[in-house]
Amino acid sequence: NFSKKLALIILVICALVFGLSMYREASFLDSLMFAVALAVAAIPEALSSIVTIVLAMGTQKMARQNAIMKDLKAVESLGSVSVICSDKTGTLTQNKMTPQKVYADGSLLEGEDLSLVNDVQRLLLKAALLASDATNNEEEGTAIGDPTEVALVMLGEKFGVDEESYRAQHPRLGELAFDSDRKLMSTMHKFALDSNTSVYDLDGIYTLCTKGAMDVLLARSVNVMTSQGVRPLTEEDRRKISEVNNQLSENGLRVLAFAFKEYHNCEECPQLTLEDENGYTFVGLISMIDPPREESKKAVADAKRGGIRTVMITGDHKVTATAIAKQIGIFEEGDIALSGVELDKMSDEQLAQQLEHVSVYARVSPEHKIRIVDAWQKKGKIVSMTGDGVNDAPALKKADIGVAMGITGTEVSKDAASMILTDDNFATIVKAVTNGRNVYANIKNAIKFLLSGNMSGILSVLYTSLFALPVPFQPVHLLFINLLTDSLPAIAIGMEPPRKDLLNQKPRDPKEPIMSKDFMLTLLVQGGLIGIFVMMAYHIGLSTGGAALASTMAFATLTLARLFHGFNCRADASIFKLGLKSNKYSLMAFAAGLILLNAVLFIPAFHGLFMIADLSWANVGAIYLLAFIPTVLIQLYKLIKERKA
């Protein structure tokens, strides 16, 4: 967009200059030369390559900070992100589940009480081990698999139940894999007689063991296991189990429920369907804690400071999610938590009304994520959404910045995302947003450098055209400036390190044009200032040595002034605040440009190629002085502005 507008403006100006020259009865060829010289002076030939280089360097830096950008264009969007919808487990938390409390047979056990195991509690543990996939790695002494299931293996070891031997005794005959919509996982086994058999270890009966969300599994249960045997599940039982679940959830614990279902009259193993997940005997609850990442609280605070809203989206119970969100700083006074069921009951209009107050979405499905993203986007927000599952892919594509998990994420989610977190860490998203803002700011400053410098060339050409003076620059001069001495400082500006105040600003409006009024005024003032001193050098050369010396002095002054101007364009702050050494690449670019310019001016072999006239030491002194004064004036203005602020 910017390039198209810039090209159109330059073509219009060149046409006006050509028409003006013809009106003043200049020859067609001279008029054309003026117009072409102006076009060369105005068009930043290296702009597209510089933008690409700066974006590529920005993505390299992000990759070193565990954020892999798959799309260069997404870097620009990062600077505009105003809402981050983040998963809880593993992103905001450590994804290291540790078993805490167990509820079975009407008793809630923790700490030392966990060693007092009755038959119901033992059955709970065995159902937990059978309806999961984590395994022990004896060589490394650790469990392998989903962190939630690893916690179940750890709990089994604490109770003296070996996962490997117990699964060998009760091989898996069928399975209904976990699904985020059902929120259940079921496995079929045939219980065989062994030395530890009790009345609850059934001999030769096909049994379906299921784990899942408490509210879902309890609603599908008709019986409850007690130390006296199986009995019908009463409303009082349901109330008690729900109370215990809420108590655990309020402490930020993740709660899993367990149940089983017997098939007494089956000679062959039943072919499992989703309809089988009903008519359960409820066994108990196992709670575990997934502590928040240490850096999550600071990252959420940093995001808030930067005008970015963080929203937690999780499959956990609403109470658990809210407790963790409060610890991290996502959920504050006056905020709302919604469950997937509550979200389904809301119309789009109702959701839009409450959207900005909802900080936590619990028990949600991937379809809910799409709806949440769409609701925020309709409010004009730029949304980042995290996901790791196959079903998350549509939401990741829908979001402005889809973020996939590099460790736990599926290949489908990674393909759909714009960014991949190699550490699955929420804090990395905030770092990436900061870097995105910095990359955009650096590109804009590089554009400011190129266009303000080109503005000085345009004004110089217009000045000489209006007063019928000799051309101030030869085409080779302008190509030398635009392709050699301008490119290195512009790239160096693009590598400016992030400023500490980047997160003190609100997200950039993506509809805001680069060529804003303030930006254009800056270009005109700074370009005009440089142009004034370039024309002063031009007139010194014209009065003392003719057109050739005037062109040489104008070229040298413009080149050197633009090299100095690179320090002005590093940021809005003065060089005294930024520090001269804080961007070593700017110093290197300045030195390289200075060497190239001096080589052209002082090595006779280059004089013919670059159309350079011989310079006296007085001419050289005038060039350096006149080139340096614009930077002195710009820096003094910035310094005065900072002191007033």
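The values are calculated or read from the model by the stated rules, or taken from the named source; none is laboratory data. If you're wondering where the values come from, they're calculated on a predicted model, not measured in any experiment. Quick reminder, even Gly has a Cβ in these numbers, built from the backbone with ideal geometry, and neighbours come from all protein chains shown. Heads up: the accessible areas ignore ligands, DNA and RNA and are worked out on the full protein's heavy atoms, side chains in. Shrake-Rupley method; radii C 1.70, N 1.55, O 1.52, S 1.80 Å.
The table that follows gives values for the structure above.
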read-out	value
Angle between the chain longest axis and helix 28-42 axis [Cα atoms, degrees, rounded to 10]	40
Residues of the chain: accessible area per residue with a 1.4 Å probe, Å²	45
Apportionment of accessible area to carbon and sulfur, the stretch 387-438, percent (1.4 Å)	52
SER242-VAL390 pseudo-label distance in nm [points 7 Å out on the Cα-to-Cβ vector]	3.5
Cα-based convex hull, the stretch 157-298, per residue volume (Å³, whole number)	149
Percent of Cα pairs exceeding the 15 Å cut-off, where the set is the stretch 563-645	66
Estimated 222 nm signal from helices in the chain, with DSSP H stretches of n ≥ 4 weighted -39500 (n - 2.57), rounded to 500	-17000 deg cm²/dmol
Relative packing of peptides 456-465, 42-51 - highest average C-beta neighbours within 10 Å first	456-465, 42-51
For LEU338, distant residues with modelled amide H under 5 Å away	VAL360, TYR361, ALA362
Cα point-scatterer Debye curve for the chain, base-10 log of I(q)/I(0) at q = 0.07, 0.09, 0.12 Å⁻¹	-0.61, -0.80, -1.14
For the stretch 464-558: Kirkwood Rh in Å [reciprocal of mean 1/r, alpha carbons]	16.3
Segments 32-38, 520-526 sorted - mean Cβ within 10 Å per residue, highest first	32-38, 520-526
Sites ARG305 and GLU411 - FRET efficiency at Förster radius 45 Å, r taken between beta-carbons, to 0.05	0.80
Sequence of MET214, MET611 when ordered by accessible area, the most exposed leading, probe 1.4 angstrom	MET611, MET214
Estimated distance in nm for a label pair at HIS264 and ASP509, the labels positioned 7 Å out from Cα along Cα-to-Cβ	7.2
Residue-span extension gain [SER347 to LEU521] - 0.36 nm each, minus C-alpha spacing	57.9 nm
Approximate spin-label separation LYS190-VAL620, in nm, with each point projected 7 Å along Cα-to-Cβ	9.9
Sequence ranges 490-497, 225-232, 282-289, 338-345, ranked by mean other-Cβ count within 10 angstrom, highest first	282-289, 490-497, 338-345, 225-232
Extent along principal axes [Cα atoms of the stretch 382-452; Å; largest to smallest]	49, 22, 18
Cα-Cα over 19 Å, subset of LYS4/LYS444; LYS4/LYS448; LYS73/LYS397; LYS517/LYS644	LYS517/LYS644
Accessible surface of the stretch 281-355, 1.4 Å probe, proportion on carbon and sulfur as whole %	51
Potential extension, ALA63-ALA15 segment - 0.36 nm per residue separation minus Cα distance	12.7 nm
Sulfur and carbon atoms: percent of accessible area, the stretch 508-570 [1.4 Å]	70
Those lysines that a straight Cα-Cα span of less than 16 Å connects to LYS500, excepting residues fewer than 8 apart in one chain	LYS298, LYS304, LYS431, LYS577
Whichever aspartates and glutamates have a C-alpha closer than 15 Å to that of LYS240, once near sequence neighbours (fewer than 8 apart) are set aside	ASP105, ASP215
Fraction of beta bridges assigned by DSSP in the chain that are antiparallel (%, nearest 5)	65
Residue-span extension gain [ILE205 to TYR637] - 0.36 nm each, minus C-alpha spacing	146.8 nm
Cα-derived Rg to Rh of the stretch 1-155, Kirkwood definition	1.48
Karplus-derived HN-Hα couplings along the stretch 224-233 (A = 6.51, B = -1.76, C = 1.60, θ = phi - 60°), whole Hz, x at Gly and Pro	9, 8, 10, 5, 8, x, 7, 9, x, 7
